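Every number in this text was worked out from the coordinates using simple rules, so none of it is lab data. On a predicted model such as this, the values are computed, not experimentally measured, just so you know. Positions of Cβ are generated from backbone atoms using ideal geometry, with glycine treated the same way; all protein chains shown enter the neighbour counts.
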């Protein structure tokens with residue numbers, strides 16, 4: 001069965017896929033990339049999880065398929081920039097180098113269709129724990145692994161009950177006071193960096209919490225992740241930015257054969273649009 005005709009956007013921003021970890025929802029991302037295309041694509045850090053690969057090797061075919069899907073988009077003419085994050089910080093030594101049409105950078109400036117300039121950066125550079133208390137960052141990474149085990153158990157149970165995907169860890173993140181405070185502080189710091197860089201906004205990842213917020217004259221945009229929430233940010237051809245969630249594809253029996261159809265793409269601001 002050939003890939004369907006995708007919805008096309010001016011730009012697409014994806015981060016925190018964590019290929020190489022068991023928590024990565026590579027199959028979901030492959031489905032998303034089948035249904036969505038863009039002239040410009042930014043991979044906003046932590047696409048590959050070097051931290052976990054150093055601990056134990058995990059690279060199933062689906063993870064390789066994500067890489068091949070992105071390389072195929074580059075061959076078809078998409079401009080793709082790989083912004084290095086903390087889990088794939090090894091890539092920072094290759095800034096300016098092209099790999100199969102994908103260029104590596106530490107940060108970039110994206111110009112929107114309506115003339116705004118947005119700083120594109122992973123965001124770990126402004127996480128004091130990552131930079132000043134490296135051991136604590138690694139300890140937190142182990143704790144995150146434990147949370148992902150709970151997430152997988154919840155996902156399996158919901159699947160058996162015929163319920164759609166739901167992220168326990170994402171829910172907990174917005175319920176725990178310390179996590180909420182950290183997210184708020186991170187957003188404020190990144191917005192201040194945008195002002196210092198004399199741009200109109202910032203697009204980042206790192207904290208696995210998708211958002212589009214205004215901080216005075218600066219717009220803060222976070223792409224979310226493909227471990228918990230399966231979100232991406234797109235720029236429409238008029239410059240409008242939108243968060244999309246891709247839960248999964250559902251089997252639908254038609255004339256005796258199973259056909260994969262996309263579920264609704266839900267805008268986190270409350271709007272829903274059918275996938276084309």
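Could you work out how far apart the two model spin labels at residue 106 and residue 198 are, taking each label as a point 7 Å from the Cα in the direction of the beta carbon, and quote it in nm?
In this crude spin-label approximation the distance works out to 2.0 nm.
Could I have the simple spin-label model distance between residue 71 and residue 214, label points 7 Å from Cα toward Cβ, reported in nm to one decimal?
4.4 nm
Just to be sure I understand the model, the point goes 7 Å from the Cα along the line to the Cβ. What's the resulting residue 57 to residue 116 distance in nm?
Label-label distance for residue 57 and residue 116, simple model: 4.5 nm.
Per-residue counts of other Cβ atoms within 10 Å, averaged by peptide: what ranking do you get for 23-29, 44-50, highest first? Before the final figure, lay out each step's value.
Details: 23-29: 21.3, 44-50: 26.9.
So the order, starting with the most tightly packed, is 44-50, 23-29.
Let me know the volume per residue of the alpha-carbon convex hull for the stretch 15-97, in Å³. Mind dumping the intermediate values first?
Details: hull volume 7.2 nm³, N = 83.
Measuring per residue, one finds 87 Å³ for the Cα hull of the stretch 15-97.
Sorted by mean Cβ packing within 10 Å, highest first, what order do the peptides 112-121, 202-211, 77-86 take? Spell out each step's value before the answer.
Values: 112-121: 18.0, 202-211: 25.3, 77-86: 20.8.
For the peptides 112-121, 202-211, 77-86, the packing ranking is 202-211, 77-86, 112-121.
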